[in-house]
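For reference, the structure is listed below as structure tokens.
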């Protein structure tokens, strides 16, 4: 029977059946290779900790914010996520990205304790990247269905292995980029179905996926042009229908992207330290944008070195007198003219060039200045154009049949595959090695600063990270870590000094150097100079920084026994922020120290009324009576301080009090007492 059926099947139909079967088997192998390759490239990121801006989307220890604590609520916090902005910091708000925030809330709900276990979130980033690559492969197969079957697969491999993607996958915060691409590709896939089959359900699903992309990151707006471009080049859609589709999607996208920002408010001014082009005229911005386009091309071709941040003064502001600017203008104008010339014949390179120009345009600073002036992650979408062009040239190099008019064969393209593998080897090595730099924030800053010697922000961020670690040690059970950490303190000092060498107007470097000199190096005269410089540069939009500079300047004057100056700056700090007890408490301490007890007691009574929940005024009175030798009365006041502050141990209370004042001698005494208390109630600790 079987042989009879086989005889009745026409040879052409049998060939087609065998071809379909071969194609299915080949596609399964392609998918398996993509899955395995994803983990080869990014599997080692699973062992990374938090870094850079991850605290915007995850409950990172020591950096709790209103927004990441909403995420910490898990699924319960999702309604609030959809009614709040992405993040807020120092008076600035950062867009509307509820999908990415909701994804981290689900991470937290399912696995919990994400402040201790970031590894799950890193694994999910790798999985999402893998799914986005699989979606890309499916879409490319549809777009290039008349090309050699290996062509979309090789394009996919070249794209997924490009080392410039490491920032997107290794940084948890950049999950927004992955979700943006994933949902945009799913939308494009549905729109292709709609163009070919004319069924409304595909259009509706496409719109739904695209809205999810926009709610992941508004850079998905670039696909407003890519969708019609892809449909024009790779489907038989009619012009009138294409125009109707483009208009409808444009209006819906505008509503999804703009309405939430109008309702919730949005403020993200780019600062000079992030991008000096904010203070440049239009023509200089255009010239610098053209120069930046060359930098991006270089990074696509030769992806090294990579850096997490650039900013001032890594890219020099350009004018049209620069030869590189003129060269870039001619090059990109030539590419655009070529794309337009080949537009009607729907040449693949025409699509590739236009896709590249559309996706890179928003990051050139020509439309508007971008944070950091350039960024490795900005090449995530544009690198697809590079992968398509590279694969096309490889096929052409070996004269492998590719284009539809060449009557493509389906044989194994040995030479193109071999060359792609040779390219993938250094790509893979670079990617895996780069992932290690993202292990912790400190590792990242320390590694990249060698390539960012002219970046003020890079030096500032490394120094700040070093001092944050030291301050966390001080805030722990340990006493005086200064001597042990002095090499690190000096390293932070060196980087802030380098920041000032690049840009003497950098406020926070002056302030932080003043803090180091007064709190750790005990160079009080130098500290006074640094704090005065900081106050002259104190940004008008950052009251907090002005308050701190005044406070520590007052404390420094106290240490050199210039009490009138100390009172002046402490009073100024308190005037700027009456809600902060530190300044008035410090002034009270001085009055006690110089034995002006009447004034000190008057200020202490004022603190009791103004800050009824603070133990500080009660501790002050307790110390005052200890000095007078009235221990019984002193203990009464210290007991009151314990009640107000919620302490169970007087030793613990006094230890924290003196530790916060960096009075290590007194703190050590009470720390020893706390340890004796602990051992008394936990005999096993003595073993």
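Which condition breaks for residue 150 when tested against (1) touching a residue at least 24 places away in the same chain (Cβ under 8 Å); (2) buried (at least 21 other Cβ atoms within 10 Å of the Cβ); (3) closer than 24 Å to residue 194 by Cα?
(3)
Does residue 575 satisfy the criteria of being at pLDDT 90 or above, surrounded by fewer than 18 Cβ atoms within 10 Å (Cβ to Cβ), assigned to a helix (DSSP H, G or I) and over 40 Å from the mean Cα position of the chain (by Cα)?
Values: at pLDDT 90 or above: yes; surrounded by fewer than 18 Cβ atoms within 10 Å (Cβ to Cβ): yes; assigned to a helix (DSSP H, G or I): yes; over 40 Å from the mean Cα position of the chain (by Cα): no.
In short, no.
Hey, residue 270 hits all of (1) under 22 Å from residue 225 (Cα atoms); (2) within 24 Å of the chain's Cα centre (by Cα); (3) not in a helix (DSSP H, G or I) but one; which does it fall short on?
Only one criterion in (1) under 22 Å from residue 225 (Cα atoms); (2) within 24 Å of the chain's Cα centre (by Cα); (3) not in a helix (DSSP H, G or I) is unmet by residue 270, namely (1).
Got a sec? Which helices (runs of 4 or more DSSP H) wholly within the range 322-415 have at least 3 residues that are touching a helix residue (DSSP H, G or I) at 6+ places or on another chain (Cβ under 9 Å) and without any contact (Cβ under 8 Å) to a residue 40 or more places away in the chain? Don't jump to the end; show me each part of the working.
Values: elements: 323-341, 348-361, 383-397.
It comes to 323-341, 348-361.
Considering each of 50, 62 in turn, give the residue that is buried (at least 20 other Cβ atoms within 10 Å of the Cβ) and either modelled with pLDDT of 85 or more or over 20 Å from residue 96 (Cα atoms) (or both). Steps first, answer last, please.
On the way: 62 fails: buried (at least 20 other Cβ atoms within 10 Å of the Cβ).
From the options 50, 62, the qualifying one is 50.
On the given criteria, is residue 658 in contact with a helix residue (DSSP H, G or I) (Cβ under 8 Å, 6 or more places away or on another chain), modelled with pLDDT under 85 and either surrounded by fewer than 17 Cβ atoms within 10 Å (Cβ to Cβ) or closer than 30 Å to residue 517 by Cβ (or both)? Working first, answer last.
On the way: in contact with a helix residue (DSSP H, G or I) (Cβ under 8 Å, 6 or more places away or on another chain): yes; modelled with pLDDT under 85: yes; either surrounded by fewer than 17 Cβ atoms within 10 Å (Cβ to Cβ) or closer than 30 Å to residue 517 by Cβ (or both): yes.
Yes; evaluated as a whole, the condition is true for this residue.
For the range 86-108, name all the residues that are within 16 Å of residue 213 (Cα to Cα) and part of a loop (DSSP other than H, G, I, E, B).
Matches in the range 86-108: 86, 95, 96, 97.
Considering the range 477-489 alone, what residues qualify as being over 20 Å from residue 514 (Cβ atoms) and modelled with pLDDT of 70 or more?
Those that are over 20 Å from residue 514 (Cβ atoms) and modelled with pLDDT of 70 or more: 483, 484, 487.
Out of 184, 246, which single residue is in contact with a helix residue (DSSP H, G or I) (Cβ under 8 Å, 6 or more places away or on another chain) and either at positive phi or without any contact (Cβ under 8 Å) to a residue 24 or more places away in the chain (or both)? Let's see the steps before the verdict.
Working: 184 fails: either at positive phi or without any contact (Cβ under 8 Å) to a residue 24 or more places away in the chain (or both).
From the options 184, 246, the qualifying one is 246.
(1) under 14 Å from the mean Cα position of the chain (by Cα); (2) in a loop (DSSP other than H, G, I, E, B): which one isn't true of residue 53, the others all being true?
With respect to (1) under 14 Å from the mean Cα position of the chain (by Cα); (2) in a loop (DSSP other than H, G, I, E, B), residue 53 is out only on (2).
What do you reckon, is residue 617 part of a loop (DSSP other than H, G, I, E, B) and more than 23 Å from residue 522 (Cβ to Cβ)?
Numbers: part of a loop (DSSP other than H, G, I, E, B): no; more than 23 Å from residue 522 (Cβ to Cβ): yes.
So residue 617 fails the test.
Counting only residues that are farther than 23 Å from residue 52 by Cβ, give me the helices (runs of 4 or more DSSP H) lying completely in the range 447-557 with at least 3 of them.
Details: elements: 456-475, 482-502, 507-516, 524-537.
Qualifying helices (runs of 4 or more DSSP H): 482-502, 507-516, 524-537.
Tell me yes or no: at least one residue of the range 299-319 is in a helix (DSSP H, G or I), without any contact (Cβ under 8 Å) to a residue 40 or more places away in the chain and more than 30 Å from residue 436 (Cα to Cα).
No, the conditions are met nowhere in the range 299-319.
The values are calculated or read from the model by the stated rules, or taken from the named source; none is laboratory data. This one's a predicted model, so the numbers in the text were calculated from it and none came from an experiment. In this analysis, Cβ positions are derived from the backbone assuming ideal geometry, glycine residues included, and neighbour counts consider all displayed protein chains.
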